Structure formats: structure tokens, C-alpha cells
Amino acid sequence: MNEERKHIIELIKDKIKNKNAFEILEFISNLKEEKPAFSSSLGMEDQVITHMIAKGKFNIEIFTLDTGRNFPEFYQVLNKTIKKYSIPIKTYFPDTEKVEALVNEKGPFSFYESIENRKECCQIRKVLPLKRALKGKSIWITGIRSEQSDKRKNFEQVEWDEHNQIIKIHPLLHWTWEEVKQYVKENQVPYNILHDKGFVSIGCQPCTRAIAEGEHFRAGRWWWEDTEKKECGLHNR
């Protein structure tokens with residue numbers, strides 16, 4: 001990270017110190033020299049941010065990743081969101097040749113066989129498309145919340161992503177799950193109906209299950225892995 005980026009990070013931290021999520025997005029949108037983009041998985045947190053961007057008519061590009069293994073409900077909420085807000089949501093797909101090579105060599109469910117195989121699948125279907133989506137951007141906005149995992153408790157609201165060489169901002173970092181649901185209800189935000197069926201963190205269909213009451217927020221992701229450190233690689237630090 002060069003001195004210019006350090007200066008911008010410190011400036012943003014100072015200016016958003018006492019701002020709410022909507023005001024944070026507004027401030028980012030008005031940074032004339034920056035190119036912000038918001039990555040949406042269409043989960044409930046991300047739908048809150050999309051609503052705010054649309055409401056404020058903020059100059060922030062919204063994109064999503066279609067891994068090719070998404071739930072049908074993913075496409076339903078994507079369609080509803082585009083129609084409701086009349087804003088573009090750019091979709092990025094994985095490289096066809098890489099997906100074909102993986103499936104032809106290891107089969108369609110290789111990710112169940114080892115953590116290495118699962119990370120390879122995530123790399124092809126999510127991480128590499130993300131890199132294409134962030135190319136040319138200077139600020140990456142996410143819907144991450146600190147209570148989602150032990151690792152995310154240590155995230156700062158504004159930080160430097162060394163892996164992607166970009167400033168990363170989490171407007172909802174300190175929100176609770178209850179606050180997210182309340183905002184969605186009060187503002188009639190379209191959301192994935194799987195959230196009503198015990199799915200709190202929604203990823204690819206073969207890799208996501210509903211969680212039982214009392215289970216950890218991300219217990220339904222890659223549930224067959226005997227580890228608490230469950231990340232796909234999008235948010236490496």
C-alpha cells in the first residue's frame with residue numbers, strides 16, 4: 001500500500017467515524033477521484049446496502065457473482081431487486097474453460113472430498129471472477145458484519161485488502177442480525193426467501209444448509225468440514 005492509499009484510508013476513517021451506514025455510502029459515493037463497487041451475494045445484509053444505494057442514487061457500481069451452483073432463489077431475488085429499484089446489477093461468471101477442466105478432471109462434487117478441493121472450486125467459481133469485477137476499482141464495499149464469524153470480529157470498518165490491492169469498507173460491520181431483519185421489514189426490501197427457512201448465510205447450493213437454533217451463523221456453510229475457519233477466499237486478509 002502506497003502513501004496515497006494510506007492517506008485516503010485515514011481520511012475515510014476520520015470522515016465516517018460517527019456516520020450511519022447510509023451516510024457512509026453517501027460519503028463514499030461523493031469521493032470524486034475514487035471508483036467504488038459493491039459486491040452483493042444477494043443475502044439479506046447485501047440487500048440492505050443495495051436498498052440504500054438505490055434510495056440515495058449513489059454513484060456506486062453493484063455486482064454479483066454467479067458461480068453456476070446458486071440456489072434458484074438467488075435468481076428470484078436478483079430479478080425482484082432489479083425490477084424494484086431499476087438499477088443495474090452486473091453479473092460475473094467463472095471462466096468456462098476452468099470450470100470444464102475442474103469438473104472433467106475431478107467430477108461435479110470434488111469439493112466434498114477435501115478442503116483443498118473445496119478451496120480450488122471456490123477459487124475458480126468465486127475468487128477469480130471477483131478479481132475481474134474489482135479490476136479498475138479503488139474501493140470495495142461489502143455487507144460483512146462482525147458477528148458473522150470469529151475472524152470477522154477483528155475486521156475494521158475501513159481497511160486495506162492486500163490480496164486484492166484495494167480499500168475495503170464494511171458499512172454494516174457493527175449491525176446485528178436482528179437490526180438487518182428489522183431494516184428489511186420496515187423498508188420492504190426484497191430478500192431471499194431461504195432466510196425464512198433457516199438459511200442465514202447463503203452460498204452455493206451444494207455447500208449450504210439451514211442451521212438449527214443456537215448454531216453458529218456460518219455453521220451451514222461447508223458443514224462437512226471439521227473446522228471453524230470457514231471462508232471461501234473472497235475475504236482473505
- Mind listing whichever residues of the range 1-57 are more than 26 Å from PRO129 (Cβ to Cβ) and either in contact with a Cys (Cβ under 8 Å, 6 or more places away or on another chain) or in a loop (DSSP other than H, G, I, E, B) (or both)? ASN2, ILE16, LYS17, ASN18, LYS19, ASN20, ASN30, LYS32, GLU33, LYS57
- Message: of a type outside the set (Ser, Thr, Tyr) and without any contact (Cβ under 8 Å) to a residue 12 or more places away in the chain: is that true of GLU3 in this structure?
- Response: yes
- Can you give me the number of residues within the range 207-222 that are buried (at least 19 other Cβ atoms within 10 Å of the Cβ) and either at pLDDT below 85 or more than 26 Å from PHE38 (Cα to Cα) (or both)? 1
- Residue set GLU186, GLU225; condition surrounded by fewer than 18 Cβ atoms within 10 Å (Cβ to Cβ), at pLDDT below 95 and of a type in the set (D, E, K, R); output residue GLU225
- For residues that are of a type outside the set (S, T, N, Q), over 14 Å from ASP226 (Cβ atoms), surrounded by 14 or more Cβ atoms within 10 Å (Cβ to Cβ) and under 24 Å from the mean Cα position of the chain (by Cα), tally how many sit in the range 104-118. 1
- Counting only residues in the range 61-103 that are of a type in the set (Lys, Arg) and in a helix (DSSP H, G or I), the one farthest from the chain's Cα centre (by Cα) is identified as LYS98
- Note on the structure: Scanning the range 202-226 residue by residue, those among the β-branched types (Val, Ile, Thr) and out of contact with any Lys or Arg (no Cβ under 7 Å at 6 or more places or on another chain) turn out to be ILE202, ILE211
- Item | Subset of the range 87-146 [without any contact (Cβ under 8 Å) to a residue 40 or more places away in the chain and polar (S, T, N, Q)] | THR91, THR96, ASN104, SER110, SER114, ASN117, SER146
- Item | Failed item in (1) modelled with pLDDT under 95; (2) among the hydrophobic types (A, V, I, L, M, F, W, C); (3) under 15 Å from the mean Cα position of the chain (by Cα), with CYS204 passing the rest | (1)
- Query: So is ASP46 crowded, with 21+ Cβ neighbours inside 10 Å and modelled with pLDDT of 95 or more or not?
  - Reply: yes
- Can you find a residue in the range 143-161 that is part of a helix (DSSP H, G or I) and within 23 Å of TYR85 (Cβ to Cβ)? no
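Let's see how each residue does on (1) farther than 24 Å from ILE193 by Cβ; (2) modelled with pLDDT of 95 or more; (3) of a type in the set (A, V, I, L, M); (4) in contact with an Asp or Glu (Cβ under 6 Å, 6 or more places away or on another chain):
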residue	(1), (2), (3), (4)
LYS84	no, yes, no, no
ALA101	yes, yes, yes, no
GLY136	yes, yes, no, no
GLN148	no, no, no, no
- Identify the residue in the range 67-97 that is touching a Pro at 6+ places or on another chain (Cβ under 8 Å) and aliphatic (A, V, I, L, M) and, among all such residues, is surrounded by the most Cβ atoms within 10 Å (Cβ to Cβ). VAL77
- Subset of the range 119-153 that is touching a Leu at 6+ places or on another chain (Cβ under 9 Å) and closer than 20 Å to GLU178 by Cα - its residue that is surrounded by the most Cβ atoms within 10 Å (Cβ to Cβ): GLY143
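The values are calculated or read from the model by the stated rules, or taken from the named source; none is laboratory data. Note that the coordinates shown come from a computational prediction; the quantities given were computed from them, not determined experimentally. Don't worry about glycine lacking a Cβ; one is built from the backbone with ideal geometry, like all the others, and counts go over all protein chains shown.
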